[in-house]
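> I have a structure I would like to understand better, so I am pasting it below and will then ask my questions one at a time.
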Amino acid sequence: MLTGWLSRHWRRIALFGILNSALLVGCASAPPARVADREQPPTRKIQVHTVSSNETLYSIAWRYGLDFRELARHNGIGPPYTIYVSQQLRLDVNDASRRRPPPAIASRTQAPAAAPVSSPTSASRTPSRSTPTTPPASSSTRSENRTPANSTAEPPPMLSGPVKWRWPASGPVIAGFSSAGGLNKGIDIGGKLGEPVVAAASGNVVYAGSGLRGYGKLVIVKHNETYLSAYAHNRVLMVREGESVKAGQQIAELGSSGTDKEKLHFEIRRDGKPVNPLTFLPKR
């Protein structure tokens, strides 16, 4: 009796061990449950930008990767591209038709007849205008007392012919252009604090300030109706908006504003879109 019971008991233990081992092997060989990919929530496309002080049409177009001409035309703004604090600019340029606005719309954004309140950087360059006795009979009368975001006058005519590029700084390239996802819309050039930053080509300064997040102290130069260039993270800016600059002229001092490393971030935009500067700069 005892022998039979022990035999049956050990058989049950052995069977339990076999089943347990099979379960363990099955669990180990089974593929792990797939975890759903964590997708970032869709970014809401900004449709309207509210103008702040010291912004220019060029800096706003640069911020959103737009052609300044398209942005101006889309909002009925004509030369000298004066914009006003708290003015709302529609950014859906690529979603809209390319037709030009009627003349009545384009004309209402001309500089108002009332004396503008100039920004500190351009007060000495823009004369005040007298107020007419009879305001114009149009919807633009609402803007007569509005403050221009920047009262820089229209720069001189652009250069004709191809742009002749040169290096804006003498240091090595420490980060290249990346078109994938816009991770780096230009190149980063290493250097030491205070080293000269020069204009990569002749043109006119259309922005000089620190209002674009992530760029620090920034200079944007307009070379013609197609090309603009930008120089970011400077320590000191040596030019003001509206100034003409020559290729090789010092426009800033290399710094680390808006970043954690001393470097120059350099970009070239063609019709508002970033392009690889290394395809334009001469070989060293």
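Rule-based calculations on the coordinates, nothing more; no lab input. Because the structure is a prediction, the values reported are computed rather than measured. Note that each Cβ is placed from the backbone with ideal geometry, even for glycine, and that neighbours are counted across all protein chains shown.
> Enumerate lysine pairs in the stretch 173-279 that are 8 or more residues apart or on different chains, then count those whose Cα atoms are under 23 Å apart.
Lysine pairs satisfying the spacing and distance rule in the stretch 173-279 number 17.
> Using 0.36 nm times the number of residues separating residue 271 and residue 88, minus their current alpha carbon distance, what extension gain do you get?
Details: separation 183, 0.36 × 183 = 65.88 nm, distance 2.24 nm.
Full extension from residue 271 to residue 88 adds 63.6 nm.
> In 5 Å bins starting at zero, report the fraction of Cα pairs in the stretch 173-279 per bin as a rounded %.
Taking all Cα pairs of the stretch 173-279, the binned fractions are 3, 14, 24, 27, 21, 9, 1 percent.
> Can I ask one more? For residue 226 paired with residue 179, estimate the spin-label separation in nm (one decimal), with each label point 7 Å from Cα along the Cα-to-Cβ line.
In this crude spin-label approximation the distance works out to 1.7 nm.
> Roughly what would the spin-label model give for residue 69 and residue 166, points 7 Å off Cα along C-beta, in nm?
My value for the distance between the label points is 2.8 nm.
> Let me ask something else about it. How high is the FRET efficiency between residue 284 and residue 256 when r is their beta carbon distance and R₀ equals 30 Å, given to the nearest 0.05? Show your work: numbers first, answer last.
Working: r = 24 Å, r/R0 = 0.79.
Efficiency, rounded to the nearest 0.05: 0.80.
> Another question, then. Based on the mean of other beta carbon atoms within 10 Å per residue, what is the order of 268-280, 194-206, most packed first? Could you put the intermediate results ahead of the total?
On the way: 268-280: 17.1, 194-206: 21.4.
Final packing ranking: 194-206, 268-280.
> Given +1 on the Cβ of Lys and Arg, -1 on the Cβ of Asp and Glu, and no further charges, what dipole in debye does the stretch 173-279 carry about its Cα centre, rounded to the nearest 20? Spell out each step's value before the answer.
On the way: 13 positive and 10 negative charges, 20 e Å.
Magnitude of the dipole: close to 100 debye.
> Let me ask something else about it. Length gain on complete extension for the stretch residue 240 to residue 192, per 0.36 nm per residue less the alpha carbon to alpha carbon distance? Display every interim value, and only then the final one.
Values: separation 48, 0.36 × 48 = 17.28 nm, distance 2.33 nm.
Gain on stretching residue 240 to residue 192: 15.0 nm.
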